[in-house]
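Here the structure comes first, spelled out in structure tokens, and everything after it is commentary.
The values are calculated or read from the model by the stated rules, or taken from the named source; none is laboratory data. Keep in mind the model is a prediction, meaning the values are calculated, not measured. Reconstructed Cβ throughout: ideal geometry from the backbone, glycine too, with neighbour counts over all protein chains shown.
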């Protein structure tokens, strides 16, 4: 047997030192990659994929073992497997569309991140986020009845129903009317306002009801909407809007929202036992009238929940105008759009290639990038008001029947978006969008944005397979070993 070389102990010692150093270097590189992804809209990571296992009383794991770095190694292995799972979905996206998927601030996959695309109703996500940030989750709308004080229960003259911008003011009949594909919820009761007036002792109004919508301008439809949108998918809308401009037993939307609201309020007053001798009209409350009764909406967080869950176009347009009114004194679409853009820019989100044209996403002039959408989503996260207000796969909203037989049920929360924009052979293209979150047990959520643009992407035969593949890929995480399996023993 040959004598052991005198250098051999040093070689062994060097190997022992190098192995943990390589593990730590890998962890450092992983952390550096996460920090790089924190720029341009990706959130700064604040959590690991799961908590470190509680040490046992006696451990046999050496101090330099890779098991001392279980969190970093586990996340690295899981991310590698996750990237492989989403790659086919990423690669299937056409050049006119964009997709981005991230986990805890680190990009998992992306394509055409800065491509300027039509967002359709994904436009409601920035509107909701900015409204909650600027107005506050507890903000409420107020609708007021003005008139001369009653004498002996009689009001001599017209009363004025003054709109405060409440997009969900509704008669009690409206939610069950079947006039909307997605019934309104979290509404403000127009009938309750009438009952409140009756409770003050009013029994007769010797006059009519004037609807006052002067808080906002009289732009009832946003420019850039396609044919057949105005008056059907959205509008007319104004600062006084009830039942989306419809009246009980009249399914057609009126041409003047304030006058339609006044008409339905007369119905509510009569149901409350108050005689009204006059008719309905639109106008502005004259000086000198007194406030008789008022009703407040639910908090803005509840309004936004209805807006995102139902993809309520009128609500989105009115929330946008309220942003303008509150911040500039101008209840206009353009004032709201200015607030929208400046607020998002103040969050440090890159809006290059982004065009805000309306609040609902119906305008063909809107443009979004997946980079900007990911930044807006990360501003509040899954647990914020916007994340919690979205449709839920297999349970609620426009996703109630989507992903029903997949692991995404109850886990995926997202905002949908659809525009057909016929004819299919000319621009602008059709749109099918899905942006939101997937909850991950024991770790931070997955965040994603998929905005498809193309001649026929709104057809289920085209977008369906992509959505199915996305759901399968998203549900694959985590697929590798957990920190508990790798942790010290």
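Brief remarks follow.
- Hey, residue 95 assigned by TED's automatic domain parsing to the domain that holds residue 363, within 22 Å of the chain's Cα centre (by Cα) and part of a loop (DSSP other than H, G, I, E, B) or not: no
- Failed item, numbered, when residue 382 is tested on (1) in a loop (DSSP other than H, G, I, E, B); (2) more than 16 Å from residue 125 (Cβ to Cβ); (3) under 20 Å from the mean Cα position of the chain (by Cα): (2)
- Check on residue 298, part of a loop (DSSP other than H, G, I, E, B) and under 30 Å from residue 198 (Cβ atoms): yes
- Residue within segment 322-336 that is under 18 Å from the mean Cα position of the chain (by Cα), free of Cβ contacts under 8 Å to residues at least 60 places away in the same chain and either crowded, with 22+ Cβ neighbours inside 10 Å or not in a loop (DSSP other than H, G, I, E, B) (or both) present: yes
- Flag if residue 431 is more than 24 Å from residue 477 (Cβ to Cβ) and either outside the structural domain of residue 363 (by TED's automatic domain parsing) or buried (at least 22 other Cβ atoms within 10 Å of the Cβ) (or both): yes
- Residue within segment 365-380 that is surrounded by 24 or more Cβ atoms within 10 Å (Cβ to Cβ) and farther than 30 Å from residue 476 by Cβ present: yes
- Residue check, residue 389 surrounded by fewer than 17 Cβ atoms within 10 Å (Cβ to Cβ) and either in the same structural domain as residue 447 (by TED's automatic domain parsing) or in contact with a helix residue (DSSP H, G or I) (Cβ under 8 Å, 6 or more places away or on another chain) (or both): no
- The number of residues in segment 178-223 being farther than 26 Å from residue 336 by Cβ, part of a loop (DSSP other than H, G, I, E, B) and in contact with a helix residue (DSSP H, G or I) (Cβ under 8 Å, 6 or more places away or on another chain) comes to 3.
- Condition met for residue 196 (closer than 26 Å to residue 304 by Cβ and either over 25 Å from the mean Cα position of the chain (by Cα) or assigned by TED's automatic domain parsing to the domain that holds residue 361 (or both)): yes
- Considering only residues in segment 149-162 that are in contact with a strand residue (DSSP E or B) (Cβ under 6 Å, 6 or more places away or on another chain) and in a loop (DSSP other than H, G, I, E, B), the one that is surrounded by the fewest Cβ atoms within 10 Å (Cβ to Cβ) turns out to be 149.
- Test: residue 181 is touching a residue at least 40 places away in the same chain (Cβ under 8 Å) and surrounded by fewer than 23 Cβ atoms within 10 Å (Cβ to Cβ): no
- Verdict on residue 85 being farther than 30 Å from residue 170 by Cβ and either in contact (Cβ under 8 Å) with a residue 60 or more places away in the chain or assigned to a helix (DSSP H, G or I) (or both): yes
- Selection from segment 98-114 of residues that are in contact with a strand residue (DSSP E or B) (Cβ under 7 Å, 6 or more places away or on another chain) and either assigned to a loop (DSSP other than H, G, I, E, B) or without any contact (Cβ under 8 Å) to a residue 24 or more places away in the chain (or both): 104, 111, 112, 113
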